[in-house]
Amino acid sequence: MSVLAAHRVTLIPGDGVGPEVSEATRRVLEATGVEFEWDVQNAGLGVMDKYGTPMPDHVLESIRKNKVAIKGPLTTPLGKGIRSVNVALRKELDLFALVRPCKSYPGVRSRFQNIDLVIVRENTEDIYAGIEFQEGKPETAQMINQISAAAKKSIRPDSGLSIKALSITACKRIVNFAFEYARTHGRRKVTAVHKANIMKFTDGLFLQVAQDIAKEHPDIEFNDRIVDNMSMQLVQYPEEYDVLVLPNLYGDILSDLAAGLVGGLGLAPGANLGETVALFEATHGSAPKYAGMNRINPMAMMLSGVMMLRHLNETYAANMLEGAVAETIREGRYVTYDMKADRNDPTAVGTSQVADAIIGKLEKARTPTAI
Ligand code: NAD
């Protein structure tokens, strides 16, 4: 147990199922014995009326000040309306790397066993950055004319546009991060994932940078894969891969694929990392249809909490919490519907009961045994 002062951490409960998984996670984190001083901050659609924005400045300030945050998912309405608060958060705080480990825990129902992959996703650029021009707007017509003339290729006038920009700066930073991550975490190989054969000036640039940087890290194996081939390889030979580094959109898509290899979104944690700030969150979203039902699996956010404990150098507590989650999965008794063969299995328990079971194991682990 740490003897240091309490860790001050920003806690954003999120919306949809966010508050339920956040509460379950807060409880198990506290049950490790590590002391936290939670700076609870609300963001998302629920605060729009009050602050006129889903991401008020005081929430960003809290994260900047505390340097460590953990958040539940936040809803982004499809199509029109507000831009993703999650994307804005990553951009505002320059959280350039999204690390998503995908690891098999014994007892999980999955077609695959012994998976141990880490997705390192660039988090600030790419077509995902939300630089878009709406169909029918005068500025879109202007862009279409300019691009058609410069590229000498026609774009239909009734098009919408999304801009894909990749910079040398961001590519270097994320690939270097992936190699450093591999080295510090005892990993053997980095694979760069791209579509450089088609997008020569964006993904081609990413690949070129990755190849150059790989030469500076001769102790770590390096290869590259085209993203469509990578998708197939991951379901055929996942054991061949270790750390994957990807531009933003491919990272988003392959994160869910990799989550599927290890039992689903209920078990996929993540960390958004920048130079000074770290924000931990599960891969899954706000799953609105389950909101308030005490049904959703809190383990993805709890495992994000394990990553946060490691980041805070609370290694003992991190191992203890990961061990308690793993044991709960192995026993298969106090798990949510998504971990059962039949989704309607009446023996599935709720979100808070999973937390209770894990807290029970943590309390047992912390109780000194009589000699
Ligand atoms: P989702 O991840 O919320 O849910 C998709 C489905 O996956 C759910 O209906 C459920 O069946 C399953 N699932 C997800 N998490 C689960 C869990 N913990 N336990 C058990 N099953 C789980 O994806 P979506 O429906 O595409 O997105 C819903 C909203 O969440 C959207 O507004 C989206 O923009 C947002 N979102 C937010 C984040 C984030 O906050 N970082 C990430 C992804 C999506």
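Test R64 against the criterion of being within 16 Å of the ligand (Cβ to nearest atom) and touching a residue at least 60 places away in the same chain (Cβ under 8 Å), and give yes or no.
Working: within 16 Å of the ligand (Cβ to nearest atom): no; touching a residue at least 60 places away in the same chain (Cβ under 8 Å): yes.
No; evaluated as a whole, the condition is false for this residue.
One line per residue, one yes/no per condition, for (1) without any contact (Cβ under 8 Å) to a residue 60 or more places away in the chain; (2) under 22 Å from the mean Cα position of the chain (by Cα); (3) closer than 13 Å to F280 by Cβ; (4) within 11 Å of the ligand (Cβ to nearest atom):
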| residue | (1), (2), (3), (4) |
| --- | --- |
| A43 | yes, yes, no, yes |
| V47 | yes, no, no, no |
| Y51 | yes, no, no, no |
| D94 | no, yes, no, no |
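Against the conditions (1) within 22 Å of the chain's Cα centre (by Cα); (2) more than 30 Å from I147 (Cα to Cα), where does A214 fall short? Just the number, please.
The number of the failed condition is (1).
Determine whether P288 is surrounded by 24 or more Cβ atoms within 10 Å (Cβ to Cβ) and in contact with a Ser or Thr (Cβ under 8 Å, 6 or more places away or on another chain). Explain how you work it out, then say what you get.
Details: surrounded by 24 or more Cβ atoms within 10 Å (Cβ to Cβ): no; in contact with a Ser or Thr (Cβ under 8 Å, 6 or more places away or on another chain): yes.
No: the conditions fail for P288.
Taking V262 as the residue in question, decide whether it is in contact with a Lys or Arg (Cβ under 8 Å, 6 or more places away or on another chain), under 26 Å from R109 (Cβ atoms) and not charged (D, E, K, R).
Working: in contact with a Lys or Arg (Cβ under 8 Å, 6 or more places away or on another chain): yes; under 26 Å from R109 (Cβ atoms): yes; not charged (D, E, K, R): yes.
Yes; evaluated as a whole, the condition is true for this residue.
Looking at (1) under 27 Å from the mean Cα position of the chain (by Cα); (2) over 18 Å from T202 (Cβ atoms); (3) not aliphatic (A, V, I, L, M), which one does K137 not meet, given that it meets all the others?
(1)
Looking at (1) touching a helix residue (DSSP H, G or I) at 6+ places or on another chain (Cβ under 6 Å); (2) closer than 17 Å to D252 by Cα; (3) not β-branched (V, I, T), which one does F133 not meet, given that it meets all the others?
Among (1) touching a helix residue (DSSP H, G or I) at 6+ places or on another chain (Cβ under 6 Å); (2) closer than 17 Å to D252 by Cα; (3) not β-branched (V, I, T), F133 violates only (2).
Can you tell me which of S84, S154 is out of contact with any Cys (no Cβ under 8 Å at 6 or more places or on another chain) and surrounded by 14 or more Cβ atoms within 10 Å (Cβ to Cβ)? So that I can check it myself, show each step before the final result.
Values: S154 fails: surrounded by 14 or more Cβ atoms within 10 Å (Cβ to Cβ).
Only one candidate passes the filter, namely S84.
Any idea how many residues of the stretch 273-286 are within 9 Å of the ligand (Cβ to nearest atom) and either modelled with pLDDT of 95 or more or of a type in the set (S, T, N, Q) (or both)?
Residues of the stretch 273-286 within 9 Å of the ligand (Cβ to nearest atom): 281-286.
Those left that are additionally either modelled with pLDDT of 95 or more or of a type in the set (S, T, N, Q) (or both): 281-283, 286.
So the answer is 4.
Would you call R8 touching an Asp or Glu at 6+ places or on another chain (Cβ under 9 Å), of a type in the set (K, R) and farther than 24 Å from P288 by Cβ? Walk me through it before giving the result.
Working: touching an Asp or Glu at 6+ places or on another chain (Cβ under 9 Å): yes; of a type in the set (K, R): yes; farther than 24 Å from P288 by Cβ: yes.
Considered against the rule, which asks whether it is touching an Asp or Glu at 6+ places or on another chain (Cβ under 9 Å), of a type in the set (K, R) and farther than 24 Å from P288 by Cβ, R8 comes out as yes.
Closer than 25 Å to G107 by Cα and either in contact (Cβ under 8 Å) with a residue 60 or more places away in the chain or assigned to a helix (DSSP H, G or I) (or both), is that true of G251?
On the way: closer than 25 Å to G107 by Cα: no; either in contact (Cβ under 8 Å) with a residue 60 or more places away in the chain or assigned to a helix (DSSP H, G or I) (or both): yes.
So G251 does not fit the description; no.
Provide a single number: the residues in the stretch 209-249 that are open to solvent by 60 Å² or more (accessible area, probe 1.4 Å), in contact with a strand residue (DSSP E or B) (Cβ under 8 Å, 6 or more places away or on another chain) and polar (S, T, N, Q).
Total satisfying the criteria: 1.
For the list (1) near the ligand (Cβ under 10 Å from one of its atoms); (2) assigned to a loop (DSSP other than H, G, I, E, B); (3) open to solvent by less than 20 Å² (accessible area, probe 1.4 Å), I need the number of the one condition that A300 fails.
Condition (2) is where A300 drops out.
For V118, indicate whether it is among the hydrophobic types (A, V, I, L, M, F, W, C) and within 16 Å of the ligand (Cβ to nearest atom).
Numbers: among the hydrophobic types (A, V, I, L, M, F, W, C): yes; within 16 Å of the ligand (Cβ to nearest atom): no.
When the stated conditions are applied, V118 does not pass them.
Yes/no per residue for (1) surrounded by 19 or more Cβ atoms within 10 Å (Cβ to Cβ); (2) not aliphatic (A, V, I, L, M):
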position: R183; (1), (2): no, yes
position: A192; (1), (2): yes, no
position: M199; (1), (2): no, no
position: G251; (1), (2): yes, yes
position: L257; (1), (2): no, no
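The values are calculated or read from the model by the stated rules, or taken from the named source; none is laboratory data. What you see is a predicted model, and the numbers here were worked out from it, not measured in a lab. When we count neighbours, we look across all protein chains shown, and the Cβ atoms used for this are built from the backbone with ideal geometry, even at glycine. Accessible surface is based on the protein model in full, side chains and every heavy atom, while ligands, DNA and RNA are left aside. Shrake-Rupley method; radii C 1.70, N 1.55, O 1.52, S 1.80 Å.
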